[in-house]
Every structure is written in C-alpha cells, then in structure tokens.
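A quick write-up on the structure given underneath.
The values are calculated or read from the model by the stated rules, or taken from the named source; none is laboratory data. As the structure is a prediction and not an experimental result, all values here were calculated from the model. Here Cβ is always computed from backbone atoms with ideal geometry, including for glycine, and neighbour counts include all displayed protein chains.
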Amino acid sequence: MKKMALDTIDIRILSALQEYGRVSKSKLAELVNLSPTPCWVRLNKLEKAGLIMAYRAQIDIGRIVDLTKVTVTVALKKHQKSDFDRFESYIQNIDEIVECYATGGGSDYIMTIIARNLADFQDLIEQLLNDEIGIDRYFIYIITRQVKCTTPNLFKLLPA
C-alpha cells in the first residue's frame, strides 16, 4: 500500500481528530493553529485519501449495562487461504465479536467478544465450534477491567 506524505499540519489535524473526534471547522482550526479554510481543505484531502476511517464516540457501555468482555485467541486447523477467508467471512456477521486481528505466532487470530454474560459467551463459542469454521483450539481471557485505551501518538510513530 502506497504511503501518503504528511507534513506537521496534517499530523496535527489527525492528532486533534483522534483526541476530539468530529469538531467544528473553527474549533479544529484553533486546535491545529491554522485558519479555518485551509484547515478544512486539508481535512477534506485527508478524508478523500482514506486516512480517516470513521468518526465515532467511545461509549462507556459498562455504565449502561453489565456485560462480559473476553479476549479469545484462535488457532485454525488448516492454514490455506480458503480457511482464513472462511473464518474471516463468517465472523463479520457476529455482533458480539467487536474486534478481530490476524496474528503470526502461536495463534491465528485475537478477538474481543462482548456478551451480556458468560452463558451468552459460551453459547457463542459453541456456535463457532458447531458451525465448523475451522477452529482447532482457542483460549479465553476474561477482561476484568480496562487499564489503558488510547490512540497512538502520531508524532512519535512517523519519521522526523
């Protein structure tokens, strides 16, 4: 994938959006120390380039309802492209699976699952196993509390 060259102002815009989400044109311009029109032109360029994938609120769902959050590592039985495709296609339609990452090493995937309770989580796992989507083994880790959740510091990650 071709990388897009960004300057300091672009990075400030992206960093502000990571921290504050969608903000008004004037507020964003103020945050990045740029006049509103050039700021908005740059924002449109970043959006059109696909660098901004979504605008969303981070909801503390635990303050609304009790839930069970589980991290699950999954290893598949076979490692052909069709096996990965079948698994990845299947989980796209399961609302409880809120994150899934393909990994290298001992597991093929790491997923975050949010269910109403452990019984619902267990039902989901049994569904995944019964539907024969190629799972060889899985390990679960019950999330007891969130210690950190943040966005990356773009200035530290990008070349000087």
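Data for the structure
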{"quantity": "Counted residues, the stretch 24-38 - those being hydrophobic (A, V, I, L, M, F, W, C), part of a loop (DSSP other than H, G, I, E, B) and more than 16 Å from residue 7 (Cα to Cα)", "calculated": "0"}
{"quantity": "Failed item in (1) closer than 30 Å to residue 16 by Cα; (2) in contact (Cβ under 8 Å) with a residue 24 or more places away in the chain, with residue 134 passing the rest", "calculated": "(1)"}
{"quantity": "Pick from the stretch 87-123, criterion within 15 Å of residue 143 (Cβ to Cβ) and among the aliphatic types (A, V, I, L, M), ranking: surrounded by the most Cβ atoms within 10 Å (Cβ to Cβ)", "calculated": "113"}
{"quantity": "The listed residue being modelled with pLDDT under 90 and not in a strand (DSSP E or B), out of 78, 3", "calculated": "3"}
